[in-house]
Amino acid sequence: MCRTRHRGRYYQILRASLHRLNSAKFLTQNAWRAHTQRRWTTQTFSLIEGLSYDSADQSLGKGSVIHIRLPKALVQSVRAQYIKPLDPVLLNQLVRPLARSVYRLLDAKRYDPADPQMITMELRMTLTAWGQECKLKDLVPSRIKRTLEKAHDDLQACGYLTAVVYEGTGSQQEIVYRFGDGPTFGLDLVARIMRHGVGEAVANGIVQSVPREELLHRLAKAEFLLQRDRSRIKNTSGYVVTVLKDDGSRFPDPEGFVSPTAVMPATIRAAAVPQVEDDVETVRRAREEALRSLPRSEQADAIVARLRLLGGVHVMKLGTARLSAVHQAILEGVLDAIVVEREMMAAVFEGRTEPFLKVLIKEAAERRRQGQEALLGDESMPSGLVLQNLLRI
């Protein structure tokens, strides 16, 4: 009975979500690129243009057949392969929501819309115009600088930017961004893959889905096989893509091939394996230290944004008011952002997101009522033990 009720509720949520996507309207003004016609268009569209479903009992449920039709403009854009994916690794490194937003805006502006393979390493614009694009309410130049300062620091710390320079004064003051991406973000590998006739979108997808060290190994192997068997390979680009997507089961390392990542003897590499765990722990600590260094308001923003990203439908069921309670509890210091994030990640990976969120909401409400101090405010305290025990129920 309980399982059936849960299933019914999920179908209700699915139905509401589909109808919301069908009815919500989006407007892009001179921002949708009709690339084959070399023109900019203004589009009004819904993410779902047509929606229907068949069922035996007049409601969406088990056995229903759902029919979804995507808007024509979106389908044409996908078919034209005029798509610019974002770097998920870089996005995950950025804790502040504003830093993520600035990255998205910059990454869109630095590509030539007429030739997406052309990327600028320096971007210049007036400061007030950039403030408007960033949706800042206060467009006084000094306050724009102050608002964007921490976002700039984050983007420089991860290597996406090498410098942010201000030139001129008053309303004509300009902001100059100098970019520093290269091997870390895969642009070198995208270009190298494309030299074999692979399309940019496909190359980007491979770079983002395969770890860099493994991709270097596979790409070197593909180039070794091309050199060795070029006369027998009819479709070079297709062959390269197949090798790059293979985990080694179909294309084992051929005799005479030396991987560029095999710079150490096997015994030394085996001895170095624990360092990987150390690196993961170092990254986790660095992220937590970065989160801890933020003001509580930004900690709360970051945690709620992460809850929305990882919680999916479970967060939608909570509603804005309950999420606001978590935000407020972190803001007041009665919930610790580090503990919440740590337990949230564990819950997601262990498949217990829904019970985690229920206990989190309850704990936020109780601790706000009690007015207790943050769980990790004192290093001598047992590292959020109460919350951790509750969240593991």
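The values are calculated or read from the model by the stated rules, or taken from the named source; none is laboratory data. Here the structure is a predicted model, which means the values were calculated and not measured. With ideal geometry, Cβ positions are generated from the backbone for all residues, glycine too; neighbour counts draw on all protein chains shown. With ligands, DNA and RNA removed, areas are computed over all heavy atoms of the protein, side chains included. Shrake-Rupley method; radii C 1.70, N 1.55, O 1.52, S 1.80 Å.
Listed values, structure above:
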item	result
Region 284-307 residues that are within 16 Å of GLU332 (Cα to Cα) and at pLDDT 80 or above, paired with ones that are among the polar types (S, T, N, Q) and surrounded by fewer than 16 Cβ atoms within 10 Å (Cβ to Cβ) (beta carbon under 8 Å, 6 or more apart)	ALA300/GLN328
Any chance ARG250 is among the basic types (Lys, Arg), open to solvent by 30 Å² or more (accessible area, probe 1.4 Å) and in a helix (DSSP H, G or I)	no
Enumeration of residues in region 64-73 that are more than 17 Å from ARG9 (Cβ to Cβ) and open to solvent by less than 80 Å² (accessible area, probe 1.4 Å)	VAL65, ILE66, PRO71, ALA73
Boolean, THR169 is of a type in the set (Val, Ile, Thr), surrounded by fewer than 17 Cβ atoms within 10 Å (Cβ to Cβ) and within 29 Å of LEU291 (Cβ to Cβ)	no
VAL339 in contact with a Gly (Cβ under 7 Å, 6 or more places away or on another chain) and either buried (at least 20 other Cβ atoms within 10 Å of the Cβ) or modelled with pLDDT of 75 or more (or both)	yes
Residue count, region 79-120 (criterion: at pLDDT 80 or above, under 22 Å from ALA163 (Cβ atoms) and either hydrophobic (A, V, I, L, M, F, W, C) or open to solvent by 40 Å² or more (accessible area, probe 1.4 Å) (or both))	12
Selection from region 46-63 of residues that are open to solvent by 90 Å² or more (accessible area, probe 1.4 Å) and at pLDDT below 80	ALA56, ASP57, GLN58, LYS62
Condition met for ALA203 (touching a helix residue (DSSP H, G or I) at 6+ places or on another chain (Cβ under 9 Å) and either surrounded by 16 or more Cβ atoms within 10 Å (Cβ to Cβ) or under 17 Å from LEU91 (Cα atoms) (or both))	yes
